[in-house]
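For reference, the structure discussed in these notes is given below.
Just so it is clear, none of the values below were taken in a lab; they were calculated from the coordinates. These numbers were taken from a predicted model, which means no experiment stands behind them. Methodologically, a virtual Cβ is constructed for each residue, glycine included, from the backbone with ideal geometry; neighbour enumeration extends over all protein chains shown.
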Amino acid sequence: MRILVVEDQAKMARLLRRGLESEGFATDHSESGEDAQWMATSTEYGCIVLDVMLPGIDGFETCSRLRESGVRAPVLMLTARDSVEDRVTGLDRGADDYLTKPFSYPELFARVRALVRRGPVERPVVLEAGGIRLDPNQRRAWRNEVEIELTAKEFSLLEAFMRRPGDVLTRFELLENSWDGGYENRSNVVNVYINYLRSKIDVPFGTDSIETVRGVGYRFTDSGSC
């Protein structure tokens, strides 16, 4: 099984490669995220050990680009930063595991073995409809290549629509999808958030993607026209 080590510090890279090879893995080495991208798209790796602090694009952005390129190999991120925010960022960008420095090499090798056993994970596909592109894995959305900033509830609503373009979704279905059981079907919270969503995905672009079906609910129109 071949492992890609993405690490710009020569001493650390040597130690990682030596240790992984002693565990029976073949290893390749990249010093930058840019090189890691073409290497990972041209070679099938059992795991990618990715340092966060890299020259050029950092490990977070490298992981994002790998996932956008369709690379499904498990990613173990290494970082000296131990904040919750950094760990969350790494996992949200597509990493499968996270290890902070300084670390125990036996633990690192055990984590690599576990990721290799797990194998490639099928990632959520990027949804495209009505001129909008939505990435459920990264929780990001774009229209005409312009990124749209959405709250968690707005993103959840848009994802529900884009998974069923053209279908009428009732207010109850939308409540069930995006809110907990504390909301009743008669609540106008759905109407309010639909207006919020329209103000972000339609109004700035002169489009009309969400159609109101009176007495029933809403429908996402694939055309997105006015």
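Sparse packing (at most 16 other Cβ atoms within 10 Å of the Cβ) combined with a DSSP loop state is found for the following chymotrypsin sites (Phe, Trp or Tyr not before Pro) in segment 49-149: F103.
For the chain, just say rounded, prolate or oblate: build the C-alpha gyration tensor, square-root its eigenvalues into a ≥ b ≥ c, call rounded for a/c under 1.5, and beyond that prolate if a/b exceeds b/c, oblate if not.
Because a/c hits 1.5 or more and a/b exceeds b/c, the chain counts as prolate.
Remark on H29: its backbone amide H falls under 5 Å from those of V5, a criterion applied only to residues 5 or more positions apart or on other chains, H modelled at 1.01 Å from N.
Under the combined filter of DSSP loop state and at most 10 neighbouring Cβ atoms within 10 Å, segment 21-122 retains these GluC sites (Glu not before Pro): E122.
Net charge dipole, segment 127-220: roughly 140 debye, given to the nearest 20, about the Cα centre with Cβ charges of +1 for Lys and Arg and -1 for Asp and Glu. Any lysines with Cα under 16 Å of the K153 Cα? List them, leaving off those in the same chain fewer than 8 positions away. Those lysines meeting the cut-off are K200. Count the DSSP beta bridges whose two residues both fall in the chain, then state the antiparallel fraction as a percent rounded to the nearest 5. Once the DSSP bridges in the chain are tallied, antiparallel ones form about 50 percent. For segment 2-118, the Cβ-based charge dipole about the Cα centre amounts to some 440 debye (Lys, Arg positive; Asp, Glu negative; other atoms uncharged). Angle check, please: helix 33-42 long axis (alpha carbons) against the longest principal axis of the chain (alpha carbons), in degrees 0 to 90, nearest 10. Value to nearest ten degrees: 90.
The residues neighbouring P55, those whose beta-carbon lies less than 10 Å from its own, together hold a net charge of -4 under the Lys/Arg +1, Asp/Glu -1 convention. Bridging of K101 to lysines at a Cα separation below 28 Å is possible for K11, once same-chain residues fewer than 8 apart are set aside. With unit charges on the beta carbons (Lys and Arg positive, Asp and Glu negative) and the dipole taken about the Cα centre of the chain, which residue among G217, A80, L158 sits farthest to the positive side? Positive-end residue among those listed: G217. Taking trypsin sites (Lys or Arg not before Pro) in DSSP loop conformation with at most 12 other Cβ atoms inside 10 Å as exposed sites, the chain has its longest uninterrupted site-free stretch at 1-185.
Listed from fewest to most Cβ neighbours within 10 Å, the set I194, I48 follows the order I194, I48.
Computed from Cα atoms, the angle from the helix 152-162 axis to the main principal axis of the chain rounds to 80 degrees. 3J(HN,Hα) along segment 14-27: 4, 5, 5, 5, 4, x, 5, 5, 5, 8, x, 8, 7, 10 Hz, from the Karplus curve 6.51 cos²θ - 1.76 cosθ + 1.60 with θ = phi - 60°, whole Hz, x for Gly and Pro.
This ranking places V71, V125 by how few other beta-carbon atoms lie within 10 Å of each, fewest first, which gives V125, V71.
If I fit a long axis through the Cα atoms of helix 105-118 and take the longest principal axis of the Cα atoms of the chain, what angle between them do I get, 0 to 90°, rounded to 10? The angle comes out near 50 degrees.
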